[in-house]
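One structure is given here, and the rest of the page talks about it.
The values are calculated or read from the model by the stated rules, or taken from the named source; none is laboratory data. In this text the structure is predicted, and so the values were computed from the model without any measurement. Every residue, glycine among them, receives a Cβ derived from its backbone with ideal geometry; neighbour counts consider all protein chains shown. Ligands, DNA and RNA are excluded from the accessible area calculation, which covers all protein heavy atoms including side chains. Shrake-Rupley method; radii C 1.70, N 1.55, O 1.52, S 1.80 Å.
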Amino acid sequence: MRALVLGVNTRPLANSLKRAGFYVTSISYYAPEDLIADKAYYFINKDNHGRFKENYREELLTKKANEIYDQFDYVFICSGVFENKDSKVYDWHNVYGNPPKKIKEISYKPKTYRRLENLGYNVPVSKVAKSYRDIEKFLDEFKKIVLKPLSGSGGFIRKITSLDNLKNVEFPILLQQFIEGKSFSTNFIDNIFITYNKQIIINGLYSGNITPYKFNDKLLTNSFLEIIEAFELQGMNGIDFILSNGEIYILDVNPRILGTFETIELSSKTNLAKAMIYNKEVELKERMIKRIVFSKNRVRAKIKKSPFIFDIPKEGAIIEKNEPLVTVIAKRNLKSIIERVYKWCI
């Protein structure tokens with residue numbers, strides 16, 4: 001069996017497929033040293049990563065995938081592609097889960113929020129801003145707001161309370177009422193509930209998760225299942241939400257392979273790629289913690305291989321300040337592991 005994995009970072013799924021016996025081709029932006037695909041196309045300078053926001057071009061990945069997709073039994077779509085309002089979509093017959101058109105449609109937040117509201121779910125009050133004046137008016141009403149891209153899941157989120165020092169905003173942008181609370185997600189494979197996760201958000205950026213997280217609330221799980229069914233989602237999907245004063249607010253519907261893929265796989269001690277394809281049971285057994293480690297300074301990476309460290313850059317690669325350095329996944333002692341990573345970089 002042959003599988004094509006497409007996304008900003010394909011390593012977790014590509015390696016899972018490889019362990020399951022697939023011939024794996026990866027098309028990604030990042031190219032970590034611990035990726036074990038049979039064939040890998042990547043679009044980063046492995047010696048000098050630069051800045052993701054400046055260098056990433058989604059169309060390079062999707063165009064390459066379109067050239068070769070029909071050579072594969074399955075195409076798997078990870079984050080970072082088909083999530084933009086300008087994304088070019090392709091009609092591929094062999095996609096596992098949701099096709100590119102569906103991913104693009106769901107990833108456009110204003111439309112998805114309207115649908116969720118019409119279905120009776122709580123969402124933060126939102127508005128599309130086209131100018132600083134729009135931001136000012138929204139601030140007058142809500143005092144504390146967040147700025148988000150119109151499309152895509154994750155991404156950089158800015159919390160503001162005034163226009164002071166607010167520069168370089170790319171309009172149009174989504175304004176959203178800030179809701180104080182704790183961030184979680186829930187994961188499904190088709191219409192089967194898998195787990196809840198506690199999200200780790202640092203400076204407005206998704207930085208990892210704790211899997212599993214226990215919510216003993218069958219009504220809540222059934223409510224999320226109704227969203228999966230209402231949006232006619234297939235394969236692996238997730239819903240991000242905030243718990244605030246006992247109320248649930250939906251933040252995102254993620255219609256593709258999730259960032260929690262690896263913590264689910266490690267917690268369940270199951271080959272998750274095989275489980276998804278062949279509809280095998282996934283039962284989580286122990287808590288796993290994932291942290292994306294961002295560089296504190298511009299450094300030259302010299303990361304040593306370790307059972308807990310993933311997405312390892314090429315030795316000697318230059319990593320800019322605030323760019324992803326590695327991913328750490330462990331049951332405990334993450335702080336000491338992260339400190340060790342920083343010591344290895346100069």
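Computed quantities for the displayed model
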| item | result |
| --- | --- |
| Single unsatisfied condition, ALA3 versus (1) small (Gly, Ala, Ser); (2) assigned to a loop (DSSP other than H, G, I, E, B); (3) closer than 23 Å to ILE312 by Cβ | (2) |
| The stretch 102-132, residues that are of a type in the set (Phe, Trp, Tyr) and surrounded by fewer than 18 Cβ atoms within 10 Å (Cβ to Cβ) | TYR108, TYR132 |
| Matching entry among ASN122, ASN168 (being assigned to a loop (DSSP other than H, G, I, E, B), closer than 24 Å to GLN199 by Cα and polar (S, T, N, Q)) | ASN122 |
| Given (1) exposed (fewer than 15 other Cβ atoms within 10 Å of the Cβ); (2) farther than 24 Å from MET276 by Cα, index of the condition PHE52 fails | (1) |
| Pair list, Cβ under 8 Å, 6 or more apart: the stretch 284-300 residue polar (S, T, N, Q), other residue outside any strand (DSSP E or B) | SER295/GLU320; SER295/LYS321; SER295/ASN322; SER295/GLU323; SER295/CYS345; ASN297/LYS321 |
| Residues within the stretch 64-115 that are touching a residue at least 60 places away in the same chain (Cβ under 8 Å), basic (Lys, Arg) and within 24 Å of TYR30 (Cβ to Cβ), tallied | 1 |
| Pair list, Cβ < 7 Å and 6+ apart or interchain, from the stretch 335-346 residues that are within 13 Å of SER306 (Cβ to Cβ) to residues that are surrounded by fewer than 10 Cβ atoms within 10 Å (Cβ to Cβ) | none |
| Residue within the stretch 248-260 that is out of contact with any Leu (no Cβ under 6 Å at 6 or more places or on another chain), of a type in the set (A, V, I, L, M), more than 15 Å from ILE210 (Cα to Cα) and open to solvent by less than 20 Å² (accessible area, probe 1.4 Å) present | yes |
| The stretch 6-39 - residue that is within 16 Å of GLU265 (Cβ to Cβ) and assigned to a loop (DSSP other than H, G, I, E, B) and, of those, most open to solvent (accessible area, probe 1.4 Å) | ILE36 |
